[in-house]
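The values are calculated or read from the model by the stated rules, or taken from the named source; none is laboratory data. None of these values were measured; they are calculated from a predicted model. Because the Cβ atoms are built from the backbone with ideal geometry, glycine has one as well, and the counts that use them run over all protein chains shown. Remember, those area values only see protein heavy atoms, side chains included, never the ligands or the DNA or RNA. Shrake-Rupley method; radii C 1.70, N 1.55, O 1.52, S 1.80 Å.
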Amino acid sequence: MTANIGIRKILTSFTRDRANLIPILQKSQAQKGYLSPEAITEIGHFLGITPNDIYSVASFYAQFRFERQGKHTIKVCQGTACHVRGGQQILEAVERELRLKPGQSTTADYQFTLERVACFGACALAPVMVIDDTVYGLMTVSRALKLVAEYRGK
Amino acid sequence: MSFNELLNQATSEVEAWQNSGKIRIFIGTGTCGRAAGALAVLDTINKELARHNIEASITHVGCIGLCYAEPLVDIIKPGQPRICYGYVTPETIVQIINDYILKDNPRPDLALGTIGEGSIAGIPLLFELPMLKSQVRIVLRNCGYIDPENINHYIARSGYSGLNKALRMTPDEIIAEIKESGLRGRGGAGFPTAQKWDFCRKAPGKEKYLICNADEGDPGAFMNRLLLEGDPHSVLEGMVIGAYAMGATQGYVYCRAEKPLAIARLRVALEQAKKSGLVGNNILDSGFNFPIAIREGAGAFVCGEETALIQSIEGKRGMPRPRPPFPATSGLWGKPTNINNVETWGNVSAILQKDGAWYAGFGTEKSKGTKTFALAGKIVRTGLIEVPMGITLRQIIYDIGGGVEGKDKEFKAIQTGGPSGGCIPASLLDLQVDYESLAQVGSIMGSGGMIVADSGTCMVDLAKFFLTFVQAESCGKCVPCRAGTTQMLDILTDITEGKGRPEDIALLLDLGDNIKAGALCALGGTAPNSVLTTIKHFRSEYEAHINEKRCPAGVCKNLIAFYINPEKCQGCSICLRNCPVDAISGDKRMIHIINQDQCIKCGTCLTVCPVKFSAVVKMSGEKPEVPDKLIPVGSWKKSEVKE
Ligand SMILES: Cc1cc2nc3c(=O)[nH]c(=O)nc-3n(C[C@H](O)[C@H](O)[C@H](O)COP(=O)(O)O)c2cc1C
Ligand code: FES
């Protein structure tokens, strides 16, 4: 139930207006890294819309997560500039390093979640990788693997 | 407060800072700078200044666009011109502080150029560098100069004087000024801005909305991010001017969540503008009210499309709807709404600070003014540039960008306009960059992304990349886009995997034409462009994939293989140790062999093989002779195995 207390706190800063749905979802996700079923129900009550309605909106946007995320999020850019400069090799190398199976994005120990993202706007320094909030440019496979190792202990 | 009071306050603050007699240091801490390590450099600067007891002011600035040379640090010693240092590392900044700040050696070897009056022997003028020389900086007028988080820096450089002037004009006069400038929308379609404003102004209704489109979804472009990070007030000023001209009552900036620094700096700017009475109630005591709110996009490319964006602000799935009705008459919550791109707004403030005729003096007859472009991909000098319309692609790629990187590589194509755009081959490099010329060759201006492809880029793979993107981002509402792009992607995937059939090319062309004709919005309507233009200009690459099962650029995984040249291998085992899937067999001083069934073609062996051996080769469509069992280095004789 602690989850709901957190969500309720967020809801107090919003009016019960449907237009606030996406900002509410964003704030709620920022709290735990994903949207739990309890959080969605609570938000539905607040805005007077059904959980189905919320899922239909939330699942449309790439930003929203419905499962528990790893402690660190690694995002490997797969935008155009990064693609032509070898972003895919970086992604595949990190995927292998984290021993992720196809379709799996979070490691079993919940240390890492791996995401592919289309462009962070640092294209001039492609290929780009972002870990949590830090942007790393001019990536190579070996630098990427070294960074993963550094974050493993953190 | 009146504008004059604001201006006086800003000027005296900035002058006091300039004449403080202190050393001033500027560091580019935009996203590019950070990605290149600017924060570590900043850390070292702080430590070194403290260690030597140097009194200096440090100012964070946005990006000047020389992203290839990031991190950038500028230093002004009193009475000296501003020196811009590039490729700065924690090590070189220690040297620069020691040699230039503590002593008087400006270290020309580490400097890129000087800015402002005066010169320093051995250091060129920054704006004489090839990357900057042919640029005309109107939108980017302040980027890299001012502290984006200090409104006084903006005001002291004519900021908000355009708004001050506009508030003394009638709305019709403002629209006439924009009309005279010839400004067209910078978000992609190039619709005349004055005309759009006029529609919205004339639309009946008391409540009207104004939106700044900062979604910037083109994967490979960063014009809007850079402007918002480097000079957010120029965009806000443009919005308030537009709101006054159209009678808008509420503004929104819709910004993509993947650009957190742009959002953060915009928030700071908005707070400051509110405090100074430049946004919000009773703007500059004129009685005009215009609040602005920020909405973060949640990661959907289609939400850059104006009708989808409106749905998204309303809290719904971002699905486009047919137009008409256009947003100008029925937009956000059914009310008249005007949407312009970040760069369009940045131009509006510049135009009102000077005038329309001045702006129209740049560019071509139909495409006036300047345009920013993000140069990326296989080009020497990557970064953000602003050039007058009408400049040729050749000038952009060679004079400004320095040509393709890698001595053994050749220029192949430039992709403009992102997922909606197309690829332009070397034979068209003298093409002028303006809305009409780009459209004529099957591409578009788009928002300004330019990705350079060289001989190591596979055009079929690039087309597949864009199609994968649009197929994933298709909202699914209309069948031509949803089913058509899926079908095209399947065919392209087959081709890149060596399963293409000769009739596939005709099928792709046919599908492409049908999707273009039938799609609901411009996402689908332009989705086939990358495929159509690559077939048009690079058909032989498609044919090599289909008929010879060969990828000439050596990119498509199913069509390439890595081998170890038995004549060159020295048996050092570096590749063996680095192979992530243990696909290499070998032993000390034995010729190593790649087991093709196990190889995942990651290319690690090629990267790690010492340059002096260069024994690993990548091949497509051919197969060299290699030993089938381990033999000692030096014992390999050609055809030994075969005969
Ligand atoms: C799929 C799609 C994505 C778009 N993305 C953007 C975008 O990221 N930014 C933008 O300003 N316009 C984008 N547009 C264009 C907008 O619909 C609209 O034309 C533009 O914001 C109008 O502003 P302007 O007249 O200043 O160019 C997109 C259009 C489509 C069809
Ligand atoms: S394409 Fe990777 S950061 Fe833009």
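Among the residues of the range B:228-254, write down those that are under 11 Å from B:V342 (Cα atoms) and within 16 Å of ligand 2 (Cβ to nearest atom).
B:L228
If you take the residues in the range B:280-295 that are among the small types (G, A, S) and in contact (Cβ under 8 Å) with a residue 24 or more places away in the chain, which one is farthest from B:W345 (Cα to Cα)?
Initial filter on the range B:280-295 (among the small types (G, A, S)): B:280, B:286-287, B:293.
Okay, now just the ones that are also in contact (Cβ under 8 Å) with a residue 24 or more places away in the chain, so B:286, B:293.
Values: B:S286: 21, B:A293: 16 Å.
Result: B:S286.
For B:I241, indicate whether it is within 16 Å of ligand 1 (Cβ to nearest atom), out of contact with any helix residue (DSSP H, G or I) (no Cβ under 7 Å at 6 or more places or on another chain) and in a helix (DSSP H, G or I). Break it down stepwise before answering.
Numbers: within 16 Å of ligand 1 (Cβ to nearest atom): yes; out of contact with any helix residue (DSSP H, G or I) (no Cβ under 7 Å at 6 or more places or on another chain): no; in a helix (DSSP H, G or I): yes.
Spelling it out, it is not the case that B:I241 is within 16 Å of ligand 1 (Cβ to nearest atom), out of contact with any helix residue (DSSP H, G or I) (no Cβ under 7 Å at 6 or more places or on another chain) and in a helix (DSSP H, G or I).
Among the residues of the range A:72-84, is there at least one that is in a loop (DSSP other than H, G, I, E, B), within 16 Å of ligand 1 (Cβ to nearest atom), in contact (Cβ under 8 Å) with a residue 12 or more places away in the chain and within 13 Å of another protein chain (Cβ to nearest Cβ)? I'd like the intermediate steps shown before the answer.
Keep residues of the range A:72-84 that are in a loop (DSSP other than H, G, I, E, B), which gives A:78-79.
Checking the rest, the ones that are also within 16 Å of ligand 1 (Cβ to nearest atom) come to A:79.
Pick out the ones that are also in contact (Cβ under 8 Å) with a residue 12 or more places away in the chain and you get A:79.
Subset that is within 13 Å of another protein chain (Cβ to nearest Cβ): A:79.
Scanning the range A:72-84 turns up at least one residue that is in a loop (DSSP other than H, G, I, E, B), within 16 Å of ligand 1 (Cβ to nearest atom), in contact (Cβ under 8 Å) with a residue 12 or more places away in the chain and within 13 Å of another protein chain (Cβ to nearest Cβ).
What are the residues in the range B:117-133 that are under 17 Å from B:I76 (Cα atoms) and among the aliphatic types (A, V, I, L, M), if any?
Of the residues in the range B:117-133, the ones under 17 Å from B:I76 (Cα atoms) are B:117-127.
Within the range B:117-133, B:I120, B:A121, B:I123, B:L125, B:L126 qualify.
For the range B:129-172, which positions are open to solvent by less than 10 Å² (accessible area, probe 1.4 Å), farther than 29 Å from B:Q395 by Cβ and among the aliphatic types (A, V, I, L, M)?
Those that are open to solvent by less than 10 Å² (accessible area, probe 1.4 Å), farther than 29 Å from B:Q395 by Cβ and among the aliphatic types (A, V, I, L, M): B:I155, B:L163, B:A166.
Determine which member of the set B:A166, B:A194, B:A214 is in contact (Cβ under 8 Å) with a residue 24 or more places away in the chain and within 15 Å of ligand 1 (Cβ to nearest atom).
Values: B:A166 fails: within 15 Å of ligand 1 (Cβ to nearest atom); B:A194 fails: in contact (Cβ under 8 Å) with a residue 24 or more places away in the chain.
On inspection, the qualifying residue turns out to be B:A214.
Under the condition of being buried (at least 19 other Cβ atoms within 10 Å of the Cβ) and under 15 Å from A:R85 (Cα atoms), which residue from the range A:127-141 is farthest from ligand 1 (Cβ to nearest atom)?
From the range A:127-141, those buried (at least 19 other Cβ atoms within 10 Å of the Cβ) are A:127-131, A:135-137, A:139, A:141; that's our starting set.
Those left that are additionally under 15 Å from A:R85 (Cα atoms): A:127-129, A:136-137, A:139, A:141.
Details: A:P127: 22, A:V128: 19, A:M129: 23, A:Y136: 25, A:G137: 22, A:M139: 25, A:V141: 31 Å.
Applying the filter and picking the extreme gives A:V141.
From the list A:A144, A:A149, A:A124, A:A108, which residue is crowded, with 23+ Cβ neighbours inside 10 Å and either more than 7 Å from chain B (Cβ to nearest Cβ) or part of a helix (DSSP H, G or I) (or both)? Even if it seems obvious, please write down each step before you answer.
Details: A:A144 fails: crowded, with 23+ Cβ neighbours inside 10 Å; A:A149 fails: crowded, with 23+ Cβ neighbours inside 10 Å; A:A108 fails: crowded, with 23+ Cβ neighbours inside 10 Å.
Of the residues listed, the single one that is crowded, with 23+ Cβ neighbours inside 10 Å and either more than 7 Å from chain B (Cβ to nearest Cβ) or part of a helix (DSSP H, G or I) (or both) is A:A124.
Quick one: B:D215 ticks every box in (1) open to solvent by 10 Å² or more (accessible area, probe 1.4 Å); (2) within 14 Å of chain A (Cβ to nearest Cβ) bar one, so which box is it?
Of (1) open to solvent by 10 Å² or more (accessible area, probe 1.4 Å); (2) within 14 Å of chain A (Cβ to nearest Cβ), only one is false for B:D215: (1).
For the range B:527-643, which helices (runs of 4 or more DSSP H) that fit wholly inside it have 2 or more residues that are out of contact with any strand residue (DSSP E or B) (no Cβ under 7 Å at 6 or more places or on another chain) and open to solvent by 50 Å² or more (accessible area, probe 1.4 Å)? Give the steps one after another, and end with the answer.
Values: elements: B:529-547, B:574-578, B:604-608.
Per the criteria, B:529-547, B:574-578.
When only residues in the range B:297-346 that are acidic (D, E) and assigned to a loop (DSSP other than H, G, I, E, B) count, which is most open to solvent (accessible area, probe 1.4 Å)?
B:E305
In the range B:306-330, how many are touching a strand residue (DSSP E or B) at 6+ places or on another chain (Cβ under 9 Å) and within 14 Å of chain A (Cβ to nearest Cβ)?
5
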